[in-house]
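Trainee: One structure, pasted below without further comment.
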Amino acid sequence: MQNHTLPQLLRRRCLLSGLSGALLLAAGCAPSARPKSQTLAKEATLLCLGDSLTFGYGAATGASYPARLEQLSGHVTQNAGLNGDTAEGALARLPGLLQANTPGLVLVSIGGNDFLRKLPPERTRAALIELVKTAQGSAQVVLIAQPQPVLMAAAMGALKDHPVYADVAGDTGAPLFEGGWSYVLSRAELRSDQIHANAQGYGMFAERLADWLKSQKLVAG
């Protein structure tokens with residue numbers, strides 16, 4: 001049996017740790033940067049940040065997805081949806097909203113107007129990353145994907161999420177709720193027009209989102 005001095009043991013441990021880390025990186029198995037989700041306390045509020053889809057455009061007052069989500073989750077929700085808003089606009093509004101509401105969870109659903117206005121994708125991506133990281137400084141964050149605005153795909157019931165959301169989720173570690181708006185806006189019976197839901201559509205979106213939040217252990221089941 002060999003006798004090792006303390007410095008030798010420490011050097012050996014560091015060598016093994018470095019080798020293990022290198023092997024993980026080489027195999028594409030680096031540890032995920034995604035923060036561990038924690039179930040919200042009952043008194044925690046949800047801040048729903050977004051555009052007209054969050055505001056509830058196309059449906060009567062009280063029929064927005066945040067209003068329905070409040071009923072389904074048991075958590076007080078704050079509707080911070082602004083018609084026509086962009087990712088940069090939401091980023092500018094966010095600090096004041098965080099200070100005024102002190103939410104436990106921020107649900108980010110923004111970007112559709114960026115796509116409709118054909119803003120540079122990298123500009124939208126940068127704003128979304130900064131928005132998510134800013135919110136993560138004081139709350140848990142969920143990123144909600146919005147679809148690519150392709151009218152033909154909407155008419156055929158085949159909308160797909162814009163790929164920028166998967167990129168942002170990967171860069172920030174934020175959990176991504178996929179397919180919610182694409183599902184609703186692909187169905188004529190759930191829309192008030194080509195780019196907005198109706199009351200039934202907002203309710204359907206909220207139900208699917210609530211089920212997903214429970215599956216992620218973010219809200220109690």
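The values are calculated or read from the model by the stated rules, or taken from the named source; none is laboratory data. Keep in mind it's a predicted model, so treat the numbers as computed, not measured. Cβ sites come from the backbone with ideal geometry, for glycine too, and all protein chains shown count toward neighbours.
Trainee: Helices (runs of 4 or more DSSP H) wholly in the range 132-221 with at least 1 residues that are of a type in the set (F, W, Y) and in contact with a Leu (Cβ under 7 Å, 6 or more places away or on another chain) - which ones?
Mentor: Fully inside the range 132-221 and qualifying: 164-172, 180-185.
Trainee: Being assigned to a helix (DSSP H, G or I), in contact (Cβ under 8 Å) with a residue 40 or more places away in the chain and farther than 15 Å from V142 by Cα is the filter here, so list the residues in the range 49-64 that pass it.
Mentor: S52, L53
Trainee: Another question, then. Hey, can you tell me all the residues within the range 185-212 that are in contact with a helix residue (DSSP H, G or I) (Cβ under 8 Å, 6 or more places away or on another chain), among the hydrophobic types (A, V, I, L, M, F, W, C) and in contact (Cβ under 8 Å) with a residue 40 or more places away in the chain?
Mentor: I195, A197, F205, A206, L209, A210, listed by residue number.
Trainee: Further question: Given the options A135, A145, A139, A174, name the one that is within 19 Å of F55 (Cα to Cα), within 14 Å of the chain's Cα centre (by Cα) and modelled with pLDDT of 95 or more.
Mentor: Exactly one of A135, A145, A139, A174 is within 19 Å of F55 (Cα to Cα), within 14 Å of the chain's Cα centre (by Cα) and modelled with pLDDT of 95 or more, namely A145.
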